[in-house]
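Reading through the structure tokens given below for one structure.
Read-outs throughout are calculated quantities, based only on the coordinates presented, and are distinct from any laboratory measurement. Not measured: the values here are computed from a predicted model. Note that each Cβ is placed from the backbone with ideal geometry, even for glycine, and that neighbours are counted across all protein chains shown.
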Amino acid sequence: LISFDEVMRGDTARVGLSTRKIIEILLRTKASSVILAHNHPSGIALPSDSDLTATVTVKNALSHIGVVLLDHIILADGDFVSLAISEKFKDIFID
């Protein structure tokens with residue numbers, strides 16, 4: 001683990017995601033890969049359509065700078081979903 005950074009903070013309904021800020025952190029730390037994580041205060045760890053869109057957007061942006069998105073993990077009430085190992089979402093991580 002090179003770095004653990006809070007990228008954005010939101011409220012109980014949503015948070016904006018700044019791909020630019022993620023890239024700035026990755027360049028500063030010279031990371032070659034990254035795992036995104038966020039929580040769902042609703043208590044349900046299933047990804048929303050916005051979560052999936054954000055994951056693909058970040059993955060595509062990172063590919064231009066040679067950084068690999070390893071996973072996007074969603075946490076909620078002691079439960080979690082790893083998009084990279086989920087049968088339903090793992091295709092996002094296959095090139």
Legend entry - Net dipole in debye of the chain [+1 Lys, Arg Cβ; -1 Asp, Glu Cβ; about Cα centre; nearest 20]: 380 debye
Legend entry - Nonlocal Lys pairs with alpha-carbon distance under 23 Å, the chain (8 or more apart, or different chains): 5
Legend entry - Computed helical MRE - 222 nm, the chain, DSSP H runs ≥ 4 contributing -39500 (n - 2.57), nearest 500: -8500 deg cm²/dmol
